[in-house]
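The values are calculated or read from the model by the stated rules, or taken from the named source; none is laboratory data. As the structure is a prediction and not an experimental result, all values here were calculated from the model. Here the Cβ positions follow ideal geometry from the backbone for every residue, glycine too, while neighbour counts run over all protein chains shown.
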Amino acid sequence: MKYESQKIAYAYFAVAMALFVIQVLGGLLAGLIYVSPNFLSELLPFNIVRMLHTNALIVWLILGFFGAAYFLIPEEAEREIHSPKLAYLQLIILVVGTLGVVLTYTFNLFEGNWLLGKEGREFLEQPKWVKAGIVVAALIFLYNVSMTVLKGKKTAITNILLLGLWGLALLFLFAFYNPGNLALDKQYWWYVVHLWVEGVWELIMASILAYLMLKLTGVDREVVEKWLYVIVAAALFSGILGTGHHYYWIGTPAYWQWIGSIFSSLEVIPFFAMMAFAFVMVWKGRRDHPNKAALLWSLGCATLAFFGAGVWGFLHTLHGVNYYTHGTQITAAHGHLAFYGAYVCLNLAIFTYAMPILKNRDPYNQVLNMGSFWLMTSGMVFMTFVLTFGGTVQTHMQRVIGDYFMDVQDQIAIFYWMRFGSGVVVVLGALLFVYSIWVPRKEVIEPGAAETPAE
Amino acid sequence: MSDASLIDELPGELLMWVLIVSELLVFGAGMIAFMGVRLTDPAGFAEAQSHLHRTGAAFNTAVLVTSGYLAAQALHWRQVARRAAARMALIGAALLGVVFLIIKGTEYADKMAQGINYETHPFFLFYYLLTGFHAAHVLAGVGILLLVSWRDDARNIEAGAQFWHMVDLVWIMLFPVIYLLG
């Protein structure tokens, strides 16, 4: 660790990992409710569990991005973070907001209150006061990192990262607009969710991956930057109008069907480019970095993002296909692998790279960490296949033949059981990851003599 | 590093090439979708097509190609240090772009007056999407040409001309596919 203020990342990563555990446990609970629908139905209904599962995911991923920014910006800008105090204040605001959300959702406090109650919108159901807190925290963050970069060295990685983080914060402002017209509500709602995960988050992903590749493979910065610009251009070109693939059936004009189909089909390109980038860098790189686990997560991230977001996204993005598959388990399959590949693996990669440095425990136990990668990944990939097959059967029975929704659900119960099983594996993998980061103090296998240490 | 040197041999900005390839993919996919949907209703598409102004569109093709020639000449003149001639050529190219937009605009106005909109027939959905998206690029191109006539570094002019030729190329493919093929 070259700069003292990189320590800020430690606190962010710790909170992110705690929420990660809560998120996967929530997912496991939701999976159990699928196969045993009355489980906790009075105490913790499915819609609340699902909210916790998706909201906790978004919050911990964003906390991870913030932590990653606080970790890598000092190194890139070659100076300390502008104000570490503000960074901790920002974290406290976010934690209080998160706790407020969890309590409000779980106990349905302040039902209907405009400021304190939940808003009843999917993914944007946070109470107004939490939304305001998120904006304040985002402003503090942007001020803090922008000041650091403005006063320090500007690199392509920090430029793209800042562009992504500014976009993340500004697009969130659409969360405050809640028109009475449901079609309009959904239209603006996607300005947040879609333009995040298929727009500005890809910039964050590309820049963090670029940073990791730079550190882990030792490839020239010039080469990394050229790739970075091309990936970012492809992501924004396809992703912005690709929003149209959410506008097929919500009451927006029919031309969105073609705009959405064509542009969102091209969204596979930046994900392919990121995968190609990661592998080409590793082949070209001359550095044999001892943190093999971080490299595994980075390559896993690029590969699984290509399959989860790219291939599984394309699978049902054409409106002729989506007409049948919309809202079936095909969507759930895509959602799980895309988020896992693109953003969960990305965060776990930067945690794996940064935590041994932050804890002064370098080298550390990589075997358990790599084991957790394979455990989590195989669980998630199995879950994706199971949901895809289940979704295909569901699409045929429900949308082609026209059977009743609940009859079809009974018919595909076997897939839900297998999904629950794969969920158990993912949770075990997640717990093993957290354990491997925090507990063991010694390397299990000594690094070979041929390996050259990092600079 | 053979792949890197291949990319390095490309003239002009790499990012401009990324943009050009992306645009061609979008317009190409749009035209393929158009021809695919036409297979489902050839008679309806032919009837709808008969409402278009072929002569105006043919004239517009000549306007855009001439404009593209001027943009190419501008880069040549800038490279042999004839800055004033290069600037005039770029402004001329931009003006022809405006002429294209005026002719296109009268065509749209005529369609609107006849009550033809994007919901009239699938043909017109594609007609408005493809030519409208192209017209938006012409508008952007006019801005870019004027910008590089002001900041007239040869690299800038090259990037502007690259973009403008892409807009040209797309029209040359759109014109036969939408206006002529029956």
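Take the conditions (1) part of a helix (DSSP H, G or I); (2) of a type in the set (S, T, N, Q); (3) in contact with a His (Cβ under 7 Å, 6 or more places away or on another chain); A:T317 misses just one of them, which is (1). Would you say A:L184 is within 30 Å of A:W114 (Cα to Cα) and at pLDDT 95 or above? Spelling it out, it is not the case that A:L184 is within 30 Å of A:W114 (Cα to Cα) and at pLDDT 95 or above.
Looking across region A:212-224, the residues that are touching a residue at least 24 places away in the same chain (Cβ under 8 Å) and within 11 Å of chain B (Cβ to nearest Cβ) come down to A:V219, A:V223. If the requirement is being out of contact with any His (no Cβ under 6 Å at 6 or more places or on another chain) and part of a helix (DSSP H, G or I), which of these qualifies: A:I81, A:I92? After applying the criteria, what remains is A:I92. The numbered conditions (1) part of a helix (DSSP H, G or I); (2) within 13 Å of chain B (Cβ to nearest Cβ) are all true for A:F271 except (2).
Each row is one residue, and each column tells you yes or no for (1) under 22 Å from B:A29 (Cβ atoms); (2) not in a loop (DSSP other than H, G, I, E, B).
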{"position": "A:I160", "(1), (2)": "no, yes"}
{"position": "A:F172", "(1), (2)": "no, yes"}
{"position": "A:N178", "(1), (2)": "no, no"}
{"position": "A:Y211", "(1), (2)": "no, yes"}
{"position": "A:V223", "(1), (2)": "no, yes"}
{"position": "A:G242", "(1), (2)": "yes, yes"}
{"position": "A:Q257", "(1), (2)": "yes, yes"}
{"position": "A:S261", "(1), (2)": "yes, yes"}
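Within region A:267-285, the residues that satisfy the criterion of being under 16 Å from A:V219 (Cα atoms) and of a type in the set (F, W, Y) are A:F277, A:F279, A:W283. Out of A:V192, A:V232, which single residue is facing chain B (nearest Cβ under 10 Å) and in a helix (DSSP H, G or I)? So the residue among A:V192, A:V232 that is facing chain B (nearest Cβ under 10 Å) and in a helix (DSSP H, G or I) is A:V232. Applying a threshold of 6 Å to beta carbon distances and a minimum spacing of six or more residues, or different chains, the list of pairs starting in region A:423-439 at a residue that is aromatic (F, W, Y) and ending at one that is in a helix (DSSP H, G or I) reads A:F433/A:S372.
The set of residues in region B:38-63 that are farther than 26 Å from B:A113 by Cβ and of a type in the set (A, V, I, L, M) contains only B:L39. Scanning region A:388-415 for residues that are buried (at least 21 other Cβ atoms within 10 Å of the Cβ) and of a type in the set (F, W, Y) gives a single hit, A:F415. Looking only at residues in region A:261-293 that are touching an Asp or Glu at 6+ places or on another chain (Cβ under 7 Å) and of a type outside the set (D, E), the one that is modelled with the highest pLDDT is A:P270. Filtering region B:36-57 to residues that are assigned to a helix (DSSP H, G or I) and surrounded by 13 or more Cβ atoms within 10 Å (Cβ to Cβ) leaves B:V37, B:R38, B:G44, B:F45, B:A46, B:A48, B:Q49, B:G56, B:A57. Restricted to region B:72-182, the set of helices (runs of 4 or more DSSP H) holding at least 3 residues that are within 14 Å of chain A (Cβ to nearest Cβ) and without any contact (Cβ under 8 Å) to a residue 24 or more places away in the chain comprises B:122-150. Screening region B:9-27 for residues that are free of Cβ contacts under 8 Å to residues at least 60 places away in the same chain and surrounded by fewer than 16 Cβ atoms within 10 Å (Cβ to Cβ) and picking the one that is farthest from the other protein chains (Cβ to nearest Cβ) gives B:E9. Taking region A:244-255 as the range and being part of a helix (DSSP H, G or I) and facing chain B (nearest Cβ under 10 Å) as the test, only A:Y255 passes. Consider region A:31-76 and keep the residues that are outside any helix (DSSP H, G or I) and hydrophobic (A, V, I, L, M, F, W, C). The one that is farthest from A:T148 (Cα to Cα) is A:F39.
Quick one: would you say A:F272 is aromatic (F, W, Y) and closer than 14 Å to B:V26 by Cα? Here the answer is no, as A:F272 does not meet what is asked.
Scanning region A:96-126 for residues that are more than 18 Å from A:M51 (Cβ to Cβ) and touching a helix residue (DSSP H, G or I) at 6+ places or on another chain (Cβ under 6 Å) returns a single hit, A:L115.
Scanning region A:12-29 for residues that are surrounded by 20 or more Cβ atoms within 10 Å (Cβ to Cβ) and either out of contact with any helix residue (DSSP H, G or I) (no Cβ under 7 Å at 6 or more places or on another chain) or free of Cβ contacts under 8 Å to residues at least 40 places away in the same chain (or both) yields A:Q23, A:G26.
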